[in-house]
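Below: the structure, in structure tokens.
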Amino acid sequence: MRRIIGRNWLVVLPAFLLLTLLVCSQAAAQVTTASIAGTVGDKSGPLPGATVTAKNVQTAFTYKATAGEDGTFQLSGLAPGTYEISVASQAYKPQTQTVTVLLGQQNKVRFELSPDTVVMEQVAVVGETTKLLVDTRSSAVTTNITPTQMEALPQNNRNFLNFAQLAPGIQTTADSTAQGQYFTGGGANPKQVNVFIDGMSQKNDLIQGGAFMQDSSKGNPFPQNAVQEYQVLTQNYTAEYEKAASAVITAVTKSGGNDFHGDAFYLFQNQSMVAQDEFAAARGDVIPPYKRQQGGISLGGPIMKDTLHFFVSWEGRDQPGQNSVYHGSQWGQAPQNVLDKLSTYETGTINAPFKENLYFAKVSWQPSVSNTLDVSYNYRDEQDIRGFGGTRTYDGAENFQDKTQAALAKYQMVIGNSTFNDASLTWQKFEWISGAVNPGVPHENYVNLLDVGSKDYIQNLSQERTGIRDDMSVFTEWHGSHSLKFGVVATQAKYSMVKDAYYNPFFEYRSDESWQFPWMARYGYGNPALKFDNTQYGLFAQDSWKLASNFTVDVGVR
């Protein structure tokens, strides 16, 4: 099973379009949904005209399909979750089965009706009453991270990306105190990955850490209590996934339902639960006051039963680190007037504050059967005081801020039994700010004594992106099974960059001059600001052609 991506789209694309016009189509979109295809029949053959209805157990959102002349049907645009699937046909008693579908799956089932029973094949039993459908169509190498895994498997910092390590070839940074919290696939550079949340790309064009600006952030990118499940794609994924050359993660968020539901948690840790650094203990440093707190809450429920639901969540973390500041090796050799000046700066083990707040809100509406509208908003606010320690004092620390905002409106529509359309409007803003804790105070480095004063280099990077995307999915039988998808995206991006080197004067003192006057001074000049924008267009077409039960050809162009 191989994925073929060609460059000569002028030749390949018309072939896709021609195929679309020639065949009767049904839908199967996979970025944020799942689908169920199958046949309905009895012992004598297919049952055309049978009605297949899938009802989401949580939301009561309903999807319907009608079996064709050959008894085949397609339920598309299903939000991942548990469904009651009912099959009804004249002269047959309606029957229901409860099944669970996972994100990105293209499930294939067969219903055999009799006057009293319904038999559904190609399922694996989970528990006593619910069946988990098995996807046997896709040639992509994927791993599904299920809601049960996210709820039951423990981790220390609640970064939902850490569960991606369950997929072969995926590595994540496990230490929540590390400056970068990112994941990699197949040993490739972290900037080669991408993450999609509800179909929205989280790629940052300015920072090299892949998604979420995670190369320089130790915070969590998104509240874990708002993520329902996700899929990790490592090989053979299709052309619809943009800006990625390694692993891809596509996640869906939670929605409300007909019953109010939610959860809450709180974690606490103080200095009595933290071991002292061996070198700090040898110097006699006292463990400073320390308090780690992490909490969260989520709530979902109905606004209008069966039709309109809401979901909101918040997660926050207050987790200061600890850095050791100490005098340099030549402290005893400096003149008294220099020592008197530098003695006013605090040394020892000093807290490095870190705080973050993550918010998410979503409203889901089903105006009619098989059609849904989701509107969501998320906000991330992170502050990390870092960049000091050794001979560098706290007033020279970096005040790092990571801010993300995103809004999404997604409308998914099924027209009859033949067409599924997924349209979305997105707005997104990333801010990466490297500021100073004590701005305006000159930076003075007394070499081998202490490095004092404010940070001399600040940066402020911003990316604002507005986009519109429309995907159309097609499923048909023609010399095998075809799952086709076409899409177009247009994005307007605005970028702002400020890199102000030595905006604050930097003076260095050394022993050759007895630290009395600077031997080197630096001061920046000029305009450090840059603004630019561009418009990006994307077009893709792809086909997963299943020639046999164990042989699938994926062809795509972007």
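The values are calculated or read from the model by the stated rules, or taken from the named source; none is laboratory data. A quick note: this is a predicted structure, and the numbers were derived from the prediction, not measured. Positions of Cβ are generated from backbone atoms using ideal geometry, with glycine treated the same way; all protein chains shown enter the neighbour counts.
Note on region 45-59: residues that are in a loop (DSSP other than H, G, I, E, B) and within 15 Å of GLN97 (Cβ to Cβ) total 2. Considering LYS494, LYS485, the condition of being modelled with pLDDT of 90 or more, among the basic types (Lys, Arg) and either under 29 Å from ASN204 (Cβ atoms) or under 24 Å from the mean Cα position of the chain (by Cα) (or both) is satisfied by LYS494 alone.
Only residues that are in contact (Cβ under 8 Å) with a residue 24 or more places away in the chain and assigned to a loop (DSSP other than H, G, I, E, B) were counted in region 277-307, giving 10. The combined condition, being under 19 Å from ILE207 (Cα atoms), buried (at least 16 other Cβ atoms within 10 Å of the Cβ) and not β-branched (Val, Ile, Thr), is not fulfilled by PHE475.
Taking first residues from region 235-253 that are under 19 Å from LEU78 (Cα atoms) and partners that are in a loop (DSSP other than H, G, I, E, B) and among the small types (Gly, Ala, Ser), the Cβ contacts under 8 Å between residues at least 6 apart in sequence or on separate chains come to THR250/GLY104; THR250/GLY199; VAL252/ALA79. Considering every residue within region 311-321, establish whether at least one is surrounded by fewer than 16 Cβ atoms within 10 Å (Cβ to Cβ), assigned to a strand (DSSP E or B) and touching a residue at least 24 places away in the same chain (Cβ under 8 Å). Looking for residues that are surrounded by fewer than 16 Cβ atoms within 10 Å (Cβ to Cβ), assigned to a strand (DSSP E or B) and touching a residue at least 24 places away in the same chain (Cβ under 8 Å), one finds at least one in region 311-321, hence yes. Residues in region 459-476 that are touching a Ser or Thr at 6+ places or on another chain (Cβ under 6 Å) and β-branched (Val, Ile, Thr) were compared, and the one that is modelled with the highest pLDDT is VAL474. The residues on offer are VAL31, VAL12, and the sole one that is closer than 25 Å to GLN235 by Cβ, at pLDDT below 85 and part of a helix (DSSP H, G or I) is VAL12. Restricting attention to region 264-299 and to residues that are among the charged types (D, E, K, R) and surrounded by 12 or more Cβ atoms within 10 Å (Cβ to Cβ), the residue that is farthest from GLY199 (Cα to Cα) turns out to be ARG283.
Annotation note: Cβ proximity below 6 Å between a residue of region 465-487 that is part of a loop (DSSP other than H, G, I, E, B) and a residue that is surrounded by 22 or more Cβ atoms within 10 Å (Cβ to Cβ) (sequence gap 6+ or interchain) occurs for GLY480/LYS546. Specify the residue that is modelled with the highest pLDDT; the eligible residues are those in region 274-305 that are closer than 24 Å to GLY219 by Cβ and among the charged types (D, E, K, R). Result: ARG292. Any residue that is within 25 Å of GLU431 (Cα to Cα), buried (at least 20 other Cβ atoms within 10 Å of the Cβ) and at pLDDT below 90 - is there at least one of those in region 222-234? Checking region 222-234: not a single residue is within 25 Å of GLU431 (Cα to Cα), buried (at least 20 other Cβ atoms within 10 Å of the Cβ) and at pLDDT below 90.
Kindly establish whether SER364 is of a type in the set (Ser, Thr, Tyr), in contact with a Phe, Trp or Tyr (Cβ under 7 Å, 6 or more places away or on another chain), in contact (Cβ under 8 Å) with a residue 24 or more places away in the chain and closer than 30 Å to PRO302 by Cβ. Please lay out each step first, then the result.
Numbers: of a type in the set (Ser, Thr, Tyr): yes; in contact with a Phe, Trp or Tyr (Cβ under 7 Å, 6 or more places away or on another chain): no; in contact (Cβ under 8 Å) with a residue 24 or more places away in the chain: yes; closer than 30 Å to PRO302 by Cβ: yes.
Against the criterion (of a type in the set (Ser, Thr, Tyr), in contact with a Phe, Trp or Tyr (Cβ under 7 Å, 6 or more places away or on another chain), in contact (Cβ under 8 Å) with a residue 24 or more places away in the chain and closer than 30 Å to PRO302 by Cβ), SER364 does not qualify.
Quick check, is SER454 crowded, with 18+ Cβ neighbours inside 10 Å and in a loop (DSSP other than H, G, I, E, B)? Against the criterion (crowded, with 18+ Cβ neighbours inside 10 Å and in a loop (DSSP other than H, G, I, E, B)), SER454 qualifies. So, of the residues in region 521-542 that are surrounded by 11 or more Cβ atoms within 10 Å (Cβ to Cβ) and closer than 25 Å to VAL452 by Cα, which turns out to be nearest to the chain's Cα centre (by Cα)? So the residue we want is PRO528.
Looking only at residues of region 331-343 that are part of a loop (DSSP other than H, G, I, E, B) and more than 49 Å from the chain's Cα centre (by Cα), we find that the one that is surrounded by the most Cβ atoms within 10 Å (Cβ to Cβ) is ALA334. Of all the listed residues (ASP422, ASP402, ASP384), the sole one being touching a residue at least 60 places away in the same chain (Cβ under 8 Å), within 30 Å of GLY257 (Cα to Cα) and of a type in the set (Asp, Glu) is ASP422. Answer yes if at least one residue in region 392-409 is touching a Ser or Thr at 6+ places or on another chain (Cβ under 6 Å) and more than 21 Å from SER216 (Cβ to Cβ), and no otherwise. Scanning region 392-409 turns up at least one residue that is touching a Ser or Thr at 6+ places or on another chain (Cβ under 6 Å) and more than 21 Å from SER216 (Cβ to Cβ). Looking across region 203-244, just one residue is of a type in the set (Ser, Thr, Tyr) and in a helix (DSSP H, G or I), and that is SER216.
Here LEU267 meets the list (1) in a loop (DSSP other than H, G, I, E, B); (2) out of contact with any helix residue (DSSP H, G or I) (no Cβ under 7 Å at 6 or more places or on another chain) almost entirely, failing just condition (1).
Filtered by the rule that a residue be surrounded by 24 or more Cβ atoms within 10 Å (Cβ to Cβ), modelled with pLDDT under 85 and not polar (S, T, N, Q), region 184-217 gives GLY210, ALA211, PHE212, MET213.
Taking region 63-178 as the region of interest, the strands (runs of 3 or more DSSP E) fully inside it that hold 1 or more residues being at pLDDT below 85 and of a type in the set (S, T, N, Q) are 92-101, 106-113, 130-133, 170-172. Identify, please: which residue in region 75-109 is crowded, with 21+ Cβ neighbours inside 10 Å and more than 29 Å from the chain's Cα centre (by Cα) and is, among those, nearest to VAL369 (Cα to Cα)? Among them, the one singled out is ILE85.
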